[in-house]
Amino acid sequence: MSRDPLDILQTVFGYPAFRPLQGEIIAAVTAGEDRLAIMPTGAGKSLCYQIPAIARPGTGLVISPLVALMHDQVRALKAAGVSCAAVTGDTSVDERMAAFRALDDGTLDLLYVAPERATMPEFQDRISRAQLALIAIDEAHCVSEWGHDFRPDYRQLRPLADRFPGVPRIGLTATADKVTQEDIAHQLGISEAQVVVAGFDRPNIIYTVQEGAARTNQMLNWLEDRRGRSGIVYAPTRAKVDAFSAQLVKQGFNARAYHAGLTHPERRDAQEMFVTADDLIMVATVAFGMGIDKPDVRFVAHMALPKSIEAYYQETGRAGRDGAPAETLMLWGAADVARARSQIDEGYAEGAESDKQRVDHQKLSALTAFAASAACRRIALLTYFGEPAPAPCGNCDNCLNPPELTDVSEDAVKLLSAVYRTGQRFGLGHVAAVLAGDANDRAVNLGHTDLGVFGLTPDKDMKDWRPVQQQLVAMDALRADARHGGISLGPAARDILRGETKVTVGPQPETRKRRRRRGGA
Ligand code: ADP
Ligand code: ZN
């Protein structure tokens, strides 16, 4: 005898109607089917398992790595009259005993635990005696090495779920590209037909991506125009977080630093300040953000290339959750890409590229192609997540201020050829010198003055080649080695060399600045 989901939505949660696809997922899970829900933050994933857990007999087991979020949810559910508990490291013995008693009695609707507890044998014995309504796996991307936050504990959840064959399982995550979605479904034993992707568009967010020529100043200027608003600035390292937040404070901004090097109380204090203040800029590493509930974040900025498109989407998605206009700015450069490539390659034997490594390179290429792209950012993002692409959005930098594109395919072929002919070991400086016909000692000693590409483009210097190189790196036609500075061909080089793929570049930083001033934006 299960209760009607719509009735629960209205009487327990006080909402009149389901959101698109929410109702569908809830109906399926209530009927005992599995689902993997890929829905962005704020889309309403929690109800997707809370309502079926209440509707079905027995207890819904919810596995979530976010202890703070669990306690928030339990508090809210209890206030709504739902019988539920979280068993975490902070739970007192009395509370835990009460929770397990309710579990045994069949009066507990929801039980929240962290993955490391869910996989403990004592815990599994306890629940094996209980009747489970469903098993919900929150932050399900943690099960996939292809996701952005792999957690080995998550691999133990599959055997746990398999111990309850008739119990529906529902995985939930905000961010996973197509490949990762398939892997999560596979890892959790959910069939691909039961994967639901919903609602990634965030129409109120303006996406802007710029090359970082002088990043600190660029960011300071951008923030200057947004004084008094609350936002997050992501920086790549703790040292940069500390330095930039100090700089902001010196400039009279209300700013705080946040990274994993702070003590637990310091971090909690910073988080609380951020949630309550309406003009605080949080300068942070990616350690900041998960589970923070602040709907009126007005901007999210990145000082450097984030880890992946998923990470970018998730991090920028913290802006404008109230639906009011919000802005994002990402600064990046070829150096970020080179560093990320060598980080991916670290720890792998040369020549033996693993699946994981290959996927990471692909993800990085997708991200840099997105950053270097002159097309609508929103279309690019939605396509990446497997949602049908809409018309150009009119609300991103490239739609608002379309860059003029220059076809540099011929130059690209020359540069790729020169990289190839010189042995794929040298930096852009040497390759450009060879192309320019500079018979310096090195070129002479290496015999590069005898190559067909020597002096092919006498009127171009290294500065002219940089944008072409950057675009080729973005397309994964060139790979730059951060340690040795050498550039080599990537997999996309072939089609460019054959004339099958065009290479275009947007306006370069100086022209862009002029254009912006004229446009008054
Ligand atoms: P997610 O887990 O996907 O980030 P949440 O489950 O926290 O999102 O939901 C985000 C907000 O939307 C919550 O405040 C929730 O109560 C609200 N919400 C969810 N479903 C509905 C609905 N059908 N109608 C109105 N509000 C909803
Ligand atoms: Zn657009």
(request) Report yes if some residue within region 93-108 is at pLDDT below 90 and among the small types (Gly, Ala, Ser); otherwise report no. (result) no
(message) Among the numbered criteria (1) surrounded by 15 or more Cβ atoms within 10 Å (Cβ to Cβ); (2) part of a helix (DSSP H, G or I); (3) under 29 Å from the mean Cα position of the chain (by Cα), which one does residue 111 miss?
(response) (2)
(request) Only residues that are at pLDDT 95 or above and within 15 Å of residue 489 (Cα to Cα): list them for region 425-446, please. (result) 431
(request) Could you check, for region 87-94, whether at least one of its residues is more than 16 Å from ligand 1 (Cβ to nearest atom), part of a loop (DSSP other than H, G, I, E, B), acidic (Asp, Glu) and farther than 29 Å from residue 382 by Cβ? (result) yes
(message) When you check residue 422 against the structure, is it over 26 Å from residue 305 (Cα atoms) and touching a residue at least 24 places away in the same chain (Cβ under 8 Å), yes or no?
(response) yes
(request) Look through region 1-45, keep the residues that are touching a residue at least 24 places away in the same chain (Cβ under 8 Å), assigned to a helix (DSSP H, G or I) and within 9 Å of ligand 1 (Cβ to nearest atom), and return whichever of them is nearest to residue 164 (Cα to Cα). (result) 22
(message) Can you report the number of residues in region 95-108 which are touching a residue at least 12 places away in the same chain (Cβ under 8 Å) and in a helix (DSSP H, G or I)?
(response) 6
(request) Output the residues belonging to region 265-315 that are of a type in the set (S, T, N, Q) and either part of a loop (DSSP other than H, G, I, E, B) or in contact with a Cys (Cβ under 9 Å, 6 or more places away or on another chain) (or both). (result) 285, 308
(request) Evaluate the following for residue 10: is it more than 16 Å from ligand 2 (Cβ to nearest atom) and either of a type in the set (Lys, Arg) or surrounded by 17 or more Cβ atoms within 10 Å (Cβ to Cβ) (or both)? (result) no
(message) Return the pair list, or none, for Cβ contacts closer than 9 Å from residues in region 286-303 that are at positive phi to residues that are of a type in the set (Lys, Arg) and surrounded by 19 or more Cβ atoms within 10 Å (Cβ to Cβ), at least 6 apart or on different chains.
(response) 289/318
(request) Can you give me the ranges of the helices (runs of 4 or more DSSP H) entirely in region 114-232 with at least 3 residues that are touching a residue at least 60 places away in the same chain (Cβ under 8 Å) and either within 24 Å of the chain's Cα centre (by Cα) or within 16 Å of ligand 1 (Cβ to nearest atom) (or both)? (result) 178-188, 215-224
(request) Scan (1) closer than 27 Å to residue 213 by Cβ; (2) without any contact (Cβ under 8 Å) to a residue 60 or more places away in the chain for the single condition residue 440 breaks and write down its number. (result) (1)
(message) Of everything in region 380-430, what is within 16 Å of ligand 1 (Cβ to nearest atom) and either at positive phi or not acidic (Asp, Glu) (or both)? Give them in sequence order.
(response) 385
(request) At least 1 residues that are touching a Phe, Trp or Tyr at 6+ places or on another chain (Cβ under 8 Å) and away from ligand 2 (no atom under 16 Å from the Cβ) in each: list the helices (runs of 4 or more DSSP H) lying fully within region 368-485 that qualify. (result) 409-421, 428-436, 441-445
(message) Looking at region 402-418, can you tell me whether even one residue there is more than 25 Å from residue 492 (Cα to Cα) and without any contact (Cβ under 8 Å) to a residue 12 or more places away in the chain?
(response) no
(request) Just give me the residues in region 477-507 being at positive phi and modelled with pLDDT of 80 or more, in sequence order. (result) 499
(message) When you scan region 77-90, do you find a residue that is more than 16 Å from ligand 2 (Cβ to nearest atom), of a type outside the set (S, T, N, Q), under 25 Å from residue 387 (Cα atoms) and in contact (Cβ under 8 Å) with a residue 12 or more places away in the chain, even just one?
(response) no
(message) Of the residues 377, 466, only one is more than 16 Å from ligand 1 (Cβ to nearest atom), under 21 Å from residue 340 (Cβ atoms), surrounded by fewer than 20 Cβ atoms within 10 Å (Cβ to Cβ) and not polar (S, T, N, Q); which?
(response) 466
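The values are calculated or read from the model by the stated rules, or taken from the named source; none is laboratory data. Note that the structure is a prediction, hence the values are computed from the model and not measured. Methodologically, a virtual Cβ is constructed for each residue, glycine included, from the backbone with ideal geometry; neighbour enumeration extends over all protein chains shown.
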